[in-house]
Structure formats: C-alpha cells, structure tokens
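The next block holds one structure in the form of structure tokens; read it before the comments.
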Amino acid sequence: EAGVAQSPRYKIIEKRQSVAFWCNPISGHATLYWYQQILGQGPKLLIQFQNNGVVDDSQLPKDRFSAERLKGVDSTLKIQPAKLEDSAVYLCASSPTQETQYFGPGTRLLVL
Amino acid sequence: AQRVTQPEKLLSVFKGAPVELKCNYSYSGSPELFWYVQYSRQRLQLLLRHISRESIKGFTADLNKGETSFHLKKPFAQEEDSAMYYCALKGQGAQKLVFGQGTRLTINP
C-alpha cells in the first residue's frame with residue numbers, strides 16, 4: 001500500500017513569513033497526527049485528528065500554528081508568522097485505529 | 001506527567017557484540033511502551049511494542065514496572081542495526097505518543 005505522503009520535503013523561509021505543509025494519509029486511516037521534531041529531540045505531537053475532528057491540540061501554539069482536515073482525508077498545517085525556533089522537521093503520521101502509527105517522510109523547515 | 005528518558009544520545013558497539021538501548025519512563029498508571037526506529041534516509045517506523053511480547057529483527061524489550069524501564073536488547077549486533085532509535089509511551093486511555101530524545105546506534109565492523 002502507498003505510504004503517508006508529505007509535501008514539500010524542504011522549505012526555507014524568513015522569519016515572519018508564512019508556510020504551509022500538506023499531508024495525505026494512508027487510504028482508510030481515520031486518525032492523522034502532526035508532530036514537530038526539533039534537531040536532537042524526539043517527535044512532539046502538535047495535533048491529532050480523528051476523521052475531521054480534533055482529538056488533541058494541547059501542544060499546538062495556536063497563536064501562530066493552525067491545522068485542518070476538512071474532508072477527513074488530507075490535512076494542512078500552517079505557520080503564520082514563522083519564528084526562528086520553528087525550524088524543525090514536521091512529521092505527519094496516520095493510523096487505522098489508535099494503534100500503530102505510520103509516518104511520512106517529513107518536511108524539513110528552516111527559518112532564517 | 002508523562003516523560004520518556006533515553007540517557008544515551010550516542011551508542012557505538014562492534015558487530016557481534018550485545019547491545020542494550022536504555023529507556024526509562026515516568027507515568028503513574030499502566031502505560032503502553034514502544035520502540036520506533038529510523039534507518040538512514042528512511043521513515044520512522046515501529047520496531048516493537050511491549051504488549052506484543054515479540055522479537056523483531058532479533059530485538060526484544062521487557063517492560064519493568066518496578067524500575068519503570070523498557071530497555072531494548074539484542075544479543076548479537078549487526079551492521080544493519082545502525083539507526084536512530086526512539087522509545088515512546090502511550091498513557092492509559094490516551095492516544096498520543098510521547099517520545100524520548102532518541103539514541104543513535106552505530107555498529108562498527
């Protein structure tokens with residue numbers, strides 16, 4: 001089966017600019033996750049969707065980050081405006097239930 | 001609060017030697033523990049989970065509730081085991097994973 005797809009793979013922006021990331025989960029997977037992985041750290045959950053509803057966004061910096069999954073399939077994560085500390089790899093994962101999570105290749109963001 | 005600690009950022013062993021990657025956790029209830037692995041230029045993927053009690057690629061991990069540990073072990077390391085390893089915890093009734101900082105394992109020939 002096709003894996004989780006993410007785009008773009010790399011993005012370089014200047015601080016205060018906006019950026020958006022896209023994720024297409026594995027077909028049929030109801031649960032979708034966005035993680036932020038800062039260099040030298042493990043992934044940290046930003047937001048979890050069950051179909052098109054938010055299950056957990058407790059660690060999402062809502063003043064600048066937003067995410068949506070309008071039709072319960074693909075999802076976008078946006079940062080507006082970006083800060084230097086947002087430089088990280090943004091990982092998308094999906095799961096059919098709340099069991100094994102399947103990860104995408106990630107989007108590497110550099111904020112200058 | 002849920003916390004996962006992997007005390008070693010880097011671990012280097014010779015091929016054929018035993019390997020142990022340490023993982024300690026902090027959680028008041030009954031957690032589910034996982035090991036995820038990321039090989040070079042590949043995606044993060046599940047290696048094993050404690051409830052399965054299985055051996056994957058020769059690796060095993062036992063949940064020790066008394067010591068709040070979930071160390072990953074393999075008796076004879078192989079070069080293809082070189083990768084980044086992450087320990088992760090899921091709390092009772094929770095859905096999100098909390099990851100440790102990761103250990104980069106290098107197997108020397």
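Data overview
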{"item": "Cα pair distances in chain A, grouped into 5 Å bins until the bin that holds the longest one, percent each", "result": "2, 13, 24, 27, 19, 10, 4, 1"}
{"item": "Low-density loop positions, trypsin sites (Lys or Arg not before Pro), segment B:11-47 - DSSP coil, at most 14 other Cβ in 10 Å", "result": "B:K15, B:R41"}
{"item": "For B:T106, solvent-accessible area (1.4 Å; no DNA, RNA or ligand), Å²", "result": "60 Å²"}
{"item": "Residues in segment A:36-57 that, when all protein chains are in place, have 40 Å² or more less accessible area than the chain alone would give (probe 1.4 Å)", "result": "A:G40, A:P43"}
{"item": "Loss of accessible area when B meets A, both sides summed, Å² nearest 100, probe 1.4 Å", "result": "1500 Å²"}
{"item": "10 Å Cβ shell holding at most 14 others, DSSP loop, trypsin sites (Lys or Arg not before Pro): longest site-free stretch of chain A", "result": "A:17-61"}
{"item": "Estimated FRET transfer efficiency (A:E85, B:K57; beta-carbon r; R0 35 Å; 0.05)", "result": "0.45"}
{"item": "Relative intensity, log₁₀ I(q)/I(0), of the protein assembly as shown from a Debye sum that treats every alpha carbon as a point, q = 0.10, 0.12, 0.15 Å⁻¹", "result": "-0.46, -0.66, -1.00"}
{"item": "Inter-part distance where segment A:46-60 and segment B:63-106 are each reduced to a Cα centre, Å", "result": "25 Å"}
{"item": "Largest to smallest principal axis extent of the C-alpha atoms in chain B, angstrom", "result": "43, 28, 24"}
{"item": "Sparsely packed chymotrypsin sites (Phe, Trp or Tyr not before Pro) within segment A:1-57, loop by DSSP, other Cβ within 10 Å at most 16", "result": "none"}
{"item": "Cβ-placed point charges (K, R +1; D, E -1), dipole of the protein assembly as shown about Cα centre in debye, nearest 20", "result": "400 debye"}
{"item": "Spatially close lysines, pair count over segment B:12-94: Cα under 16 Å, gap of eight or more or interchain", "result": "9"}
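The values are calculated or read from the model by the stated rules, or taken from the named source; none is laboratory data. All values reported here derive from a predicted model rather than from experimental measurement. Don't worry about glycine lacking a Cβ; one is built from the backbone with ideal geometry, like all the others, and counts go over all protein chains shown. Just the protein is used for accessible areas: all its heavy atoms, side chains included, with ligands, DNA and RNA removed. Shrake-Rupley method; radii C 1.70, N 1.55, O 1.52, S 1.80 Å.
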